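Data first, discussion second: the structure below is written as structure tokens.
The values are calculated or read from the model by the stated rules, or taken from the named source; none is laboratory data. Since this is a predicted model, take the numbers as computed values, not measurements. FYI the Cβ positions are ideal-geometry reconstructions off the backbone, even for glycines, and counts take in every protein chain you see.
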Amino acid sequence: MTRHIAVIGSGVTGISSALLLLRAGHRVTIIAKDFPAPFETIDPITQINYTSPWGGAHNRWVPPHPSNAQAVFEHPLSITTFSHMKSLFASHPTTAGITFLKGVEYLESPGPEYLSLTPATAASLQLSGFRLLPQSEFPDQKVKWGCEYETYCVNPMVYLSFLLRRFVHRGGRVLKHALRSPVEVFALSERSTPSLKNGGVDAVVNASGFGFGGDGNMFITRGQTVLVAEECDATVTRQNADGSWTFCVPRGFEGGTVIGGTKEVDDWGVEPRPETREKLLRMFKGTCPRILNGKGEFTVMGDIVGRRPSRRGGPRIEGEVLEGGKGFVMHAYGLGGRGYELSWGVAERVVEGVEGYFRALRGESKI
Ligand SMILES: Cc1cc2nc3c(=O)[nH]c(=O)nc-3n(C[C@H](O)[C@H](O)[C@H](O)COP(=O)(O)OP(=O)(O)OC[C@H]3O[C@@H](n4cnc5c(N)ncnc54)[C@H](O)[C@@H]3O)c2cc1C
């Protein structure tokens with residue numbers, strides 16, 4: 001039986017989930033206050049809470065060491081996402097906004113999760129193209145450990161516009177609307193909201209990035225990066241001894257390269273800080289001088305400030321039956337700094353959660 005599902009959110013989590021729900025045979029409407037648009041038109045102040053445009057965005061493996069429960073939970077999601085990205089790239093190499101390339105890592109203070117990585121353990125974790133780098137390939141003597149692997153980057157607004165267009169082409173509907181609560185969606189009708197064309201919504205997916213304010217585990221992690229015109233042939237990540245990170249993420253599709261980046265917990269600052277820009281560029285220059293222009297400099301296009309929707313304990317991916325059986329909300333928010341690289345894995349869990357609810361309604365299983 002075809003059901004009508006409303007997905008709140010048109011970031012990477014919402015659109016990926018909406019596409020897989022459509023593929024599972026449901027009618028799907030995306031409801032959101034922000035939608036993908038050319039990156040140059042996204043407003044850095046009024047749309048700062050729409051995180052997806054401000055992401056890098058690349059896939060950087062986080063080894064699922066037993067000491068890190070969140071990484072263990074997330075690793076299968078990243079593997080699922082990798083294979084979806086690979087097939088999208090294979091079918092749409094010039095239009096999907098995805099680039100497959102080498103990922104290079106340099107660590108100054110590697111933890112046990114890195115030191116235990118060998119070609120054999122990496123293969124068992126399904127990391128393709130993994131190679132430990134010899135010291136002769138490190139940029140300087142502060143680096144103690146390095147590796148490379150096969151990975152991908154996306155140009156966020158090219159990629160999400162592609163996915164949204166695909167969603168609409170396959171019959172999905174969109175509604176621009178700011179909601180107060182996921183519950184509000186159940187009150188929308190065809191009369192009040194003609195684009196719903198349904199007479200009711202059977203389930204709601206909450207892919208709102210940050211949730212709706214009632215989750216005490218949520219917090220923001222500010223990220224400032226710099227967009228430069230130079231292209232890089234790899235995504236390069238360096239962990240500095242003080243715990244900070246230096247990285248580059250080529251966006252491809254004439255979108256320049258992102259040089260990053262900060263991770264500032266509970267920092268609501270909207271304006272880019274010039275001293276941060278200067279530090280990010282200086283640190284990356286030393287790590288990867290081959291990307292500099294003929295004058296040995298970067299060609300700066302602008303600064304980026306975003307807010308990662310972080311959550312203590314990891315993302316919330318679970319169903320909730322509303323009190324009195326008033327409806328079902330599948331939560332998928334709190335993706336922090338990994339929304340892109342976990343997106344298709346999360347979307348698959350969303351479909352499982354929603355279909356589990358419908359099976360329970362038919363008396364075929366428990367929720
Ligand atoms: C500097 C920086 C670098 C990053 N780099 C990477 C990276 O390299 N790789 C990676 O995987 N991730 C990266 N991230 C993280 C990634 O960008 C996020 O995890 C991801 O964008 C979250 O997507 P989302 O769809 O969950 O939320 P969002 O993109 O925030 O989308 C939320 C959606 O919900 C809608 N919404 C919210 N509230 C309401 C409401 N009340 N009513 C209606 N609609 C509503 C919004 O309009 C929007 O459409 C980075 C983030 C930053 C800031």
| field | Boolean, Glu113 is in contact (Cβ under 8 Å) with a residue 40 or more places away in the chain, surrounded by fewer than 19 Cβ atoms within 10 Å (Cβ to Cβ), more than 14 Å from Arg338 (Cβ to Cβ) and not basic (Lys, Arg) | value | yes
| request: Go through (1) farther than 27 Å from Gly255 by Cα; (2) touching a residue at least 40 places away in the same chain (Cβ under 8 Å) and name the single condition Ser310 misses. | output: (1)
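Scanning the stretch 1-31 for residues that are over 17 Å from the mean Cα position of the chain (by Cα) and near the ligand (Cβ under 9 Å from one of its atoms), which turns out surrounded by the most Cβ atoms within 10 Å (Cβ to Cβ)? Steps first, answer last, please.
Residues of the stretch 1-31 over 17 Å from the mean Cα position of the chain (by Cα): 1-6, 21-31.
Now narrow it down to the ones that are near the ligand (Cβ under 9 Å from one of its atoms): 30-31.
On the way: Ile30: 26, Ile31: 28.
In this case the residue turns out to be Ile31.
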| remark: Reported set for the stretch 143-153 where residues are crowded, with 22+ Cβ neighbours inside 10 Å and in contact with a helix residue (DSSP H, G or I) (Cβ under 6 Å, 6 or more places away or on another chain) is Tyr152
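Condition check ((1) out of contact with any Phe, Trp or Tyr (no Cβ under 7 Å at 6 or more places or on another chain); (2) crowded, with 20+ Cβ neighbours inside 10 Å; (3) within 23 Å of Gly269 (Cα to Cα)) across all residues:
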| residue | (1), (2), (3) |
| --- | --- |
| Gln141 | yes, no, no |
| Gly172 | yes, yes, no |
| Phe186 | yes, no, no |
| Val226 | yes, yes, yes |
| message | Could you tell me how many of the residues in the stretch 255-266 are more than 10 Å from the ligand (Cβ to nearest atom) and either surrounded by 23 or more Cβ atoms within 10 Å (Cβ to Cβ) or within 14 Å of Cys232 (Cβ to Cβ) (or both)? | response | 4
| request: Assess whether Gly252 counts as being surrounded by fewer than 23 Cβ atoms within 10 Å (Cβ to Cβ) and touching a Cys at 6+ places or on another chain (Cβ under 9 Å). | output: yes
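From the residues in the stretch 200-247 that are of a type in the set (Val, Ile, Thr) and more than 11 Å from the ligand (Cβ to nearest atom), which one is modelled with the lowest pLDDT?
First pass over the stretch 200-247, keeping only residues of a type in the set (Val, Ile, Thr): 201, 204-205, 220-221, 225-226, 228, 235-237, 246.
Okay, now just the ones that are also more than 11 Å from the ligand (Cβ to nearest atom), so 201, 204, 228, 236, 246.
Working: Val201: 89, Val204: 96, Val228: 97, Val236: 97, Thr246: 94.
Only one residue fits best here, namely Val201.
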| field | Every residue from the stretch 35-58 that is touching a residue at least 60 places away in the same chain (Cβ under 8 Å), more than 6 Å from the ligand (Cβ to nearest atom) and either within 18 Å of Val228 (Cβ to Cβ) or not polar (S, T, N, Q) (or both) | value | Phe35, Pro36, Ala37, Pro38, Phe39, Ile42, Pro44, Ile45, Ile48, Pro53
| said: So, Ser67, is that one buried (at least 21 other Cβ atoms within 10 Å of the Cβ) and not aliphatic (A, V, I, L, M) or not? | reply: no
| request: Please identify the pairs in which a residue from the stretch 250-266 that is farther than 12 Å from Ile304 by Cβ and of a type outside the set (D, E, K, R) has its Cβ atom under 7 Å from the Cβ atom of a residue that is at pLDDT 95 or above and within 10 Å of the ligand (Cβ to nearest atom), counting only partners at least 6 apart or on another chain. | output: Pro250/Cys153; Pro250/Thr235; Gly252/Cys153; Val265/Thr221
| message | What's the number of the only condition in (1) surrounded by 16 or more Cβ atoms within 10 Å (Cβ to Cβ); (2) touching a Gly at 6+ places or on another chain (Cβ under 6 Å) that Gly97 fails to meet? | response | (2)
| request: Specify the residue that is nearest to the chain's Cα centre (by Cα); the eligible residues are those in the stretch 297-314 that are of a type in the set (A, V, I, L, M, F, W, C) and more than 11 Å from the ligand (Cβ to nearest atom). | output: Met301
| Which condition number does Asn293 fail, the rest of (1) surrounded by fewer than 24 Cβ atoms within 10 Å (Cβ to Cβ); (2) under 25 Å from Asn155 (Cα atoms); (3) away from the ligand (no atom under 11 Å from the Cβ); (4) within 25 Å of the chain's Cα centre (by Cα) being met? | (4)
| query | Hey, among the residues in the stretch 315-349 that are touching a strand residue (DSSP E or B) at 6+ places or on another chain (Cβ under 9 Å) and of a type in the set (Asp, Glu), which one's nearest to the ligand (Cβ to nearest atom)? | reply | Glu341
| said: Need pairs with beta-carbon distance below 8 Å; first residue more than 16 Å from Leu179 (Cβ to Cβ) and at pLDDT 95 or above and within the stretch 7-21, second more than 6 Å from the ligand (Cβ to nearest atom) and of a type in the set (D, E, K, R); sequence gap 6+ or separate chains. | reply: Leu19/Arg166; Leu19/Arg170; Leu20/Glu348
